[in-house]
1. Which shape class applies to region 2-197: rounded if a/c is under 1.5, otherwise prolate when a/b exceeds b/c and oblate if not, where a ≥ b ≥ c are the square roots of the Cα gyration tensor eigenvalues?
2. Amide H neighbours of Y370 under 5 Å, counting only residues 5+ apart in sequence or on other chains, H built in-plane at 1.01 Å?
3. Hey, got a sec? Which chymotrypsin sites (Phe, Trp or Tyr not before Pro) in region 235-309 land in a DSSP loop and have at most 14 other Cβ atoms within 10 Å?
4. Please go through region 181-223 and write out the trypsin sites (Lys or Arg not before Pro) that DSSP classes as loop and that have at most 14 other C-beta atoms within 10 Å.
5. Going by average Cβ density within 10 Å per residue, which order do the peptides 44-53, 392-401 take, highest to lowest?
6. In the chain, what percentage of the DSSP-assigned beta bridges are antiparallel, given to the nearest 5?
7. Please arrange C262, C417 by accessible surface area, largest first, computed with a 1.4 Å probe and ligands excluded.
8. About its Cα centre, what dipole magnitude does region 325-427 give when the only charges are +1 on Lys and Arg Cβ and -1 on Asp and Glu Cβ, stated in debye to the nearest 20?
Amino acid sequence: MRMSVIGCGYLGAVHAAAMASIGHDVVGIDVDERKIAALASGAAPFFEPRLPELLAEGLGSGRLRFSSQMADAEGAQVHFVAVGTPQVAGGHAADLRFVEAAVDGLRPHLRPGDVVAGKSTVPVGTAARLAARVIDTGATLVWNPEFLREGWAVHDTLAPDRLVVGAEQDADGGRAVAVLRDAYAQAIDAGTPFLVTDLATAELVKGAANAFLATKISFINAMAEIAEASGADVALLADALGYDTRIGRRYLGAGIGFGGGCLPKDIRSFAARADELGRGEAVGFLREVDAINLRRRERAVRLVVDALGGLVFGRRIAVLGAAFKPFSDDIRDSPALDVAVRLRGLGADVVVTDPAAIDNASAAHPQLGYARDRDEALRDADAIVVVTEWDEYRRDLSPEHAGALVRGRVVVDGRSCLDAAAWRAAGWQYHGLGRR
Ligand code: UDX
């Protein structure tokens with residue numbers, strides 16, 4: 001099937017490459033010429049496992065192309081809209097300018113029978129408005145939210161937990177759903193549930209899923225606060241809760257909380273939209289979820305300060321991690337970097353290391369010290385803080401090896417990812433958020 005993907009960021013670039021990998025003929029379009037040039041030469045503009053291989057394969061087979069011209073979308077049967085919806089400056093709502101511009105830019109190139117499939121995360125009600133904007137072209141707009149996680153984006157695109165398509169309940173809507181069913185035939189044949197809804201429900205599924213995940217993380221972080229005050233251990237608590245199949249262990253990872261380009265802005269825009277709909281109180285708890293999340297960063301900083309005797313001024317602190325999570329170079333709203341910046345603000349001599357995100361981090365925060373090499377960051381540190389649970393820190397760094405490099409054996413585990421007993425046995429002062 002011929003497809004266009006408008007917007008080649010974390011979502012669109014992966015979607016385009018993944019669709020080409022299952023045999024579709026795909027053109028990825030973006031206004032950013034540099035990004036397009038990189039993608040067209042097979043270079044992934046961000047770190048995403050398996051993306052470089054898919055790009056090489058797609059470009060090599062001729063099934064994948066990239067362009068900065070919207071006119072190149074012409075002739076495609078499905079046009080996926082995968083542009084960003086950041087938080088508006090000075091408010092909590094989503095900025096829909098890019099989605100609107102993408103749909104308006106696409107309009108002159110649509111033919112009767114084309115399907116426009118929105119994938120961007122938008123406030124409920126957006127799709128119906130956009131559908132009205134393309135109706136006179138004879139194309140049909142549906143909403144097909146994307147649930148991929150960075151770091152797992154290729155896997156999540158090719159083998160999603162479910163596919164959701166929202167459409168108007170009329171003949172055109174039915175035809176458009178059938179086209180998407182064909183587009184995703186491979187995943188559907190492999191057993192992926194395919195849910196057909198109205199437009200509003202499809203938009204809401206995405207907002208609700210992110211709200212639920214954020215709530216789950218903040219729930220366990222709230223329990224960490226109680227654990228800290230009562231001498232309990234939040235990691236053991238999470239294990240014990242997780243065995244209850246109604247609860248489940250995933251997203252009960254306590255620590256410095258969630259960040260990234262999605263969860264923080266999406267829960268805020270969800271609450272802002274609920275306010276507009278006159279139902280703000282229904283999701284009032286999301287403000288609490290946000291507040292709990294941000295408190296954990298402060299708490300991590302306090303642990304470091306206390307561990308170093310009340311003052312970090314002039315002390316050398318190795319910060320292990322800058323990305324908002326492992327297997328990503330994304331530093332948008334990264335709790336890890338936020339902790340580093342706060343420690344620097346208190347006068348600490350901060351050295352940040354990360355296997356993938358140093359370039360992004362140093363461009364955004366040139367005031368911090370950086371070391372590409374983990375051991376160089378550890379050398380002579382008075383304390384180390386683990387803020388992104390990369391395997392390089394969680395699994396591959398032994399307390400003995402780290403102990404031989406540092407000046408002070410003080411470790412703060414911001415992700416509950418280290419074996420506290422092993423670090424203590426090697427002579428380290430171990431401090432974990434919510435840990436005994
Ligand atoms: C998220 C959703 O998972 C995805 O479905 C949606 O499409 C986009 O937003 P992503 O931003 O890639 O995906 O990250 P995710 O893996 O969900 O992690 C988000 C943040 O939560 C990270 O900062 C992570 O470190 C944190 N997190 C996650 C925790 O603090 N504890 C956990 O148990 C899980």
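The values are calculated or read from the model by the stated rules, or taken from the named source; none is laboratory data. Fair warning: this is a prediction, and the values are worked out from it, not measured in the lab. Cβ: placed from backbone, ideal geometry, glycine included. Neighbour counts: every protein chain shown. Accessible surface areas use protein heavy atoms only, side chains included; no ligands, DNA or RNA. Shrake-Rupley method; radii C 1.70, N 1.55, O 1.52, S 1.80 Å.
1. rounded
2. V352
3. Taking region 235-309 and a limit of 14 other Cβ atoms within 10 Å, the loop chymotrypsin sites (Phe, Trp or Tyr not before Pro) found are Y243.
4. Within region 181-223, no trypsin sites (Lys or Arg not before Pro) qualify (loop, at most 14 other Cβ atoms within 10 Å).
5. Averaged packing, sorted descending, gives the order 44-53, 392-401.
6. Rounded to the nearest five, the antiparallel share is 5 percent.
7. The residues order as C262, C417, largest area first.
8. Charge dipole of region 325-427: 300 debye, to the nearest 20.
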